[in-house]
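The values are calculated or read from the model by the stated rules, or taken from the named source; none is laboratory data. Predicted, not measured: the structure shown is a model, and the values here were computed from it. Because the Cβ atoms are built from the backbone with ideal geometry, glycine has one as well, and the counts that use them run over all protein chains shown.
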């Protein structure tokens, strides 16, 4: 793609540089998108839910289901913290406020990404229904 437009796991992202090692990425995850368990080695993120229906997992915590009534909810993801996501319904929309570690080249969360083997707690297979341990935040 380009420095500002990214695509990964069927999702589409737009990068907005903010300066001083920070940037904001806006992401659209289409129907049934599945973002597998992964880490970002050089990014401290704050994920901000903006709309749709999504389940998010972090480390070994149970999944959190986000719906329209959760717009604006956030959760922090430290560097090397495993997390994953999945959409339900028509789409999911979220922002990633990124603080890059000193000396790391600023690219995109879609580029600074390493898949991890071990599953997040109760992480479903792609396209499967929401697991029982999910809860609303």
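Comparison of 18, 24, 47, 14 shows that the only residue that is in contact with a strand residue (DSSP E or B) (Cβ under 8 Å, 6 or more places away or on another chain), crowded, with 18+ Cβ neighbours inside 10 Å and not in a loop (DSSP other than H, G, I, E, B) is 47.
Looking at the stretch 1-11, which of the residues that are farther than 17 Å from residue 105 by Cβ and surrounded by fewer than 13 Cβ atoms within 10 Å (Cβ to Cβ) is farthest from the chain's Cα centre (by Cα)?
Looking at residues that are farther than 17 Å from residue 105 by Cβ and surrounded by fewer than 13 Cβ atoms within 10 Å (Cβ to Cβ), I get 5.
Of all residues in the stretch 50-60, those being in a strand (DSSP E or B) and at positive phi number 2.
Looking only at residues in the stretch 50-60 that are under 22 Å from residue 114 (Cα atoms) and surrounded by 19 or more Cβ atoms within 10 Å (Cβ to Cβ), the one that is modelled with the lowest pLDDT is 58.
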